[in-house]
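As structure tokens, the structure follows; a few thoughts come after it.
The values are calculated or read from the model by the stated rules, or taken from the named source; none is laboratory data. Please read these numbers as outputs of a predicted model, since none were measured by experiment. Cβ placement follows ideal geometry from the backbone for every residue including glycine, while neighbour counts extend to all protein chains displayed.
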2 protein chains.
Amino acid sequence: MTDALPLGSIIGILGGGQLGRMLSVAASRLGYKTHIFEPGANPPAGQVADQVTTAVYEDEAALLAFAQSVDVITYEFENIPTAALDILEAHRSIRPGREALRVSQDRITEKEFLSELGLEVAPFAAVQTADDLHAALEKIGTPSILKTRRFGYDGKGQARINSAADAAAALSDMAGSPSVLEGFVKFSHEISVIAARGLNGEVACFDPGENVHVGGILRTTTVPATLPARLRMDAVFIASRILNALEYVGVMGVELFVTGNTLVVNEIAPRVHNSGHWTQNGCAVDQFEQHIRAVVGLPLGDGKRHSDVVMENLIGDDMDKVPALLQEPHVALHLYGKAETKSGRKMGHFNRVAPSA
Amino acid sequence: MTDALPLGSIIGILGGGQLGRMLSVAASRLGYKTHIFEPGANPPAGQVADQVTTAVYEDEAALLAFAQSVDVITYEFENIPTAALDILEAHRSIRPGREALRVSQDRITEKEFLSELGLEVAPFAAVQTADDLHAALEKIGTPSILKTRRFGYDGKGQARINSAADAAAALSDMAGSPSVLEGFVKFSHEISVIAARGLNGEVACFDPGENVHVGGILRTTTVPATLPARLRMDAVFIASRILNALEYVGVMGVELFVTGNTLVVNEIAPRVHNSGHWTQNGCAVDQFEQHIRAVVGLPLGDGKRHSDVVMENLIGDDMDKVPALLQEPHVALHLYGKAETKSGRKMGHFNRVAPSA
């Protein structure tokens, strides 16, 4: 506790979406206040935050005032402009730190980092030109997937290549952005580990969740995941290795493909993660509180689960399910307060909690 | 759902303490915004609310502006001045309604209301003068307890009378306020039922909790309570009867003494209740969300419990326990963001959750 920020301290959060919103609520449970920095007007997180700054990441005066108004800075998304981080970091600690952002902002840097740790990743090759892509396809084969190196999320900035005939269209989809060709991994299912590392170096992992994606967007996470005990231990070991290598502080989402007897790291996200939302109703300390604990220097929760949970996202018109969900026993609803329902937009999620016997 | 306020509507909350704070967080989970009205500066609820009005209940312009800025009004405490309610109600619905406030604001009105419903209450008599008290003691005997009719909470405004010799001092403690002498009920323990009634008249109760008070302040609530099945059903029946008689909308705390084979109603509180905090970690829909659901016209949660819980308050220096609690498995901490720790002040609470097998 000696290094912990005192109760009542202000946590600055970059990004005012649903993750910032749930981080803000978790901070309140621990007696901290939050200040949201977000370019978009009326951010969902602002509804439950103590303060909101509406400004772009190029607004140096706003960044400076924000940094000076808070005691520590964290974020809900990894694609924060480097120049903004430089300004903020001159005044306040940013947790998780810059190294985690540097690594996770670029798919190739990330895969190289993971490989150097001895972890298995999908085969990959950098692609900028048609010649690069041709050479990469020679090496990796099809089916494979071309992705922008930076700024991709929820399946955006990705194009599948089933045969060489798809190559030109896929490259055109990248619109000239530096890209990476990734080979397909033959996996039975995807799991993720929500892992946390404290300021003092302690690591705690929640139970792995089993993820189902539809159209590149997470649909459900089920806990416990289908996973032999040995791979469950491997998953936790892999996550711990990554966090320790980065001297990470905070919660990280680590997505893993299960391929028979091994785990292949799909990607890492240096923040609270959609596949960790089940913890809100399955654990005494959820991923949001765990992240806040790490960021302010408190001891971590142990990640133990008191209930089984199936989390399901509410995307776009899924909001039509809300009236029925409100009538269903053991369903915990979490809506994000977004003004407008749009196709593909994450509007909320719900956790189906299995009662104890 | 037809009568429910649309998502994004604004719920006005009178009172900015911890109950308003947790109501505000619950509203956010359902996609609603909150506006807090509170005389004190920097209220705990304001840290997680969309808007805050700092004004006294005598400020008619502030009340009017507040009412016009919200879609419905609720409250976290029952002692709201009648004149303020009159102004607010001219513009927006107040839920729970005025009848519940009228009844619960005066201990004698409340006991008469409960008696007329055929429910058992402690023997009582109105006291204003020394002669009244003498007559009341003749009728009720000692030990008994003199309480102010209005504005009492957490043991404040109460004086115990062990023998006639204590009478004068007890009356002096009331400082001229209209009072009530209550006989002692020989009870084995106290339970409370957190009950809710929806806009459409449906009633749902959480499992009764068993309360332990120290110095007039709630210390712990344990769920499940020690209670034979028949009394468990009686408790729910009593609570339902009260809510229906008041055509109540919202959550109510009903405190009951267990005396062998019967239940005696101690008091009712027309709001979310400290003895219902366990629901935050024991149920998919907690008492705060339940109250918000009722107030906006959504269907109620069914009150089912997925885990056993022991709730314990953190009062004053109990905050010294926080470092140890942060390290304990299955403990969910809820701090209130109050700037200053004072003796007797409720600073937070924690729920010990029993994991499923």
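Residues in region A:271-311 that are aliphatic (A, V, I, L, M) and out of contact with any strand residue (DSSP E or B) (no Cβ under 6 Å at 6 or more places or on another chain): A:Val285, A:Ile292, A:Val296, A:Leu298. When region A:1-20 is filtered for residues that are more than 17 Å from A:Ala269 (Cβ to Cβ) and under 16 Å from the mean Cα position of the chain (by Cα), only A:Gly16 remains. Being closer than 21 Å to B:Val251 by Cβ, surrounded by 15 or more Cβ atoms within 10 Å (Cβ to Cβ), modelled with pLDDT of 95 or more and not hydrophobic (A, V, I, L, M, F, W, C) is true of B:Pro96. Taking the numbered list (1) assigned to a helix (DSSP H, G or I); (2) touching a residue at least 40 places away in the same chain (Cβ under 8 Å); (3) surrounded by fewer than 20 Cβ atoms within 10 Å (Cβ to Cβ) in turn, A:Asn79 passes all entries but (1). Of the helices (runs of 4 or more DSSP H) lying entirely inside region A:266-357, the ones with 1 or more residues being under 28 Å from B:Val296 (Cα atoms), facing chain B (nearest Cβ under 8 Å) and touching a Pro at 6+ places or on another chain (Cβ under 9 Å) are found at A:322-325. Restricting to region A:164-185, name every residue that is of a type in the set (Ser, Thr, Tyr) and touching a Gly at 6+ places or on another chain (Cβ under 8 Å). If the condition is that a residue be of a type in the set (Ser, Thr, Tyr) and touching a Gly at 6+ places or on another chain (Cβ under 8 Å), then A:Ser177 is the only one that fits. Here region A:7-22 is the region considered, the condition is being assigned to a strand (DSSP E or B) and either without any contact (Cβ under 8 Å) to a residue 24 or more places away in the chain or away from chain B (no Cβ under 13 Å) (or both), and the residue that is surrounded by the most Cβ atoms within 10 Å (Cβ to Cβ) is A:Ile13.
Taken over region B:110-124, residues that are part of a strand (DSSP E or B) and in contact with a Gly (Cβ under 9 Å, 6 or more places away or on another chain) amount to 1. Do we find that A:Ala90 is more than 20 Å from the chain's Cα centre (by Cα), surrounded by fewer than 16 Cβ atoms within 10 Å (Cβ to Cβ) and within 14 Å of chain B (Cβ to nearest Cβ) in this structure? No, not satisfied.
Picking from residues in region A:31-51 that are of a type in the set (A, V, I, L, M) and under 22 Å from the mean Cα position of the chain (by Cα), the one that is nearest to the other protein chains (Cβ to nearest Cβ) is A:Val48.
What pairs can you find where one residue is in region B:187-199 and part of a strand (DSSP E or B), the other is surrounded by 24 or more Cβ atoms within 10 Å (Cβ to Cβ) and among the hydroxyl-bearing types (Ser, Thr, Tyr), and their Cβ atoms are less than 8 Å apart, with a gap of 6+ or different chains? Listed pairs, sorted by first residue: B:Ser192/B:Thr221; B:Ser192/B:Ser275; B:Ile194/B:Ser275; B:Ile194/B:Thr279; B:Arg197/B:Tyr248. Of everything in region A:23-54, what is part of a loop (DSSP other than H, G, I, E, B) and farther than 17 Å from A:Arg293 by Cβ? Give them in sequence order. If the condition is that a residue be part of a loop (DSSP other than H, G, I, E, B) and farther than 17 Å from A:Arg293 by Cβ, then A:Pro39, A:Gly40, A:Ala41, A:Asn42, A:Pro43, A:Ala49, A:Asp50 are the ones that fit.
The rows are residues; the columns are (1) in contact with an Asp or Glu (Cβ under 7 Å, 6 or more places away or on another chain); (2) assigned by TED's automatic domain parsing to the domain that holds B:Leu298; (3) over 22 Å from A:Gly337 (Cα atoms).
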{"site": "B:Ala26", "(1), (2), (3)": "yes, no, no"}
{"site": "B:Lys33", "(1), (2), (3)": "yes, no, no"}
{"site": "B:Glu38", "(1), (2), (3)": "no, no, yes"}
{"site": "B:Ala55", "(1), (2), (3)": "no, no, yes"}
{"site": "B:Glu60", "(1), (2), (3)": "no, no, yes"}
{"site": "B:Leu64", "(1), (2), (3)": "no, no, yes"}
{"site": "B:Ala67", "(1), (2), (3)": "no, no, no"}
{"site": "B:Ile73", "(1), (2), (3)": "no, no, no"}
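With respect to the conditions (1) surrounded by 15 or more Cβ atoms within 10 Å (Cβ to Cβ); (2) not assigned by TED's automatic domain parsing to the domain that holds B:Val264, B:Pro143 lacks only one, and its number is (1).
Residues considered: A:Gly282, A:Gly260. Of these, the only one that is surrounded by fewer than 19 Cβ atoms within 10 Å (Cβ to Cβ), out of contact with any helix residue (DSSP H, G or I) (no Cβ under 7 Å at 6 or more places or on another chain) and among the small types (Gly, Ala, Ser) is A:Gly260. The condition (being within 14 Å of chain B (Cβ to nearest Cβ) and not polar (S, T, N, Q)) is satisfied by just one residue among A:Val72, A:Val103, A:Val25: A:Val25. Here A:Asn261 passes the criteria (1) at negative phi; (2) in contact with a strand residue (DSSP E or B) (Cβ under 7 Å, 6 or more places away or on another chain); (3) away from chain B (no Cβ under 14 Å) except the one numbered (2).
Of everything listed in (1) closer than 22 Å to B:His273 by Cβ; (2) in contact (Cβ under 8 Å) with a residue 60 or more places away in the chain; (3) not in a strand (DSSP E or B), the single unmet condition for B:Thr74 is (3).
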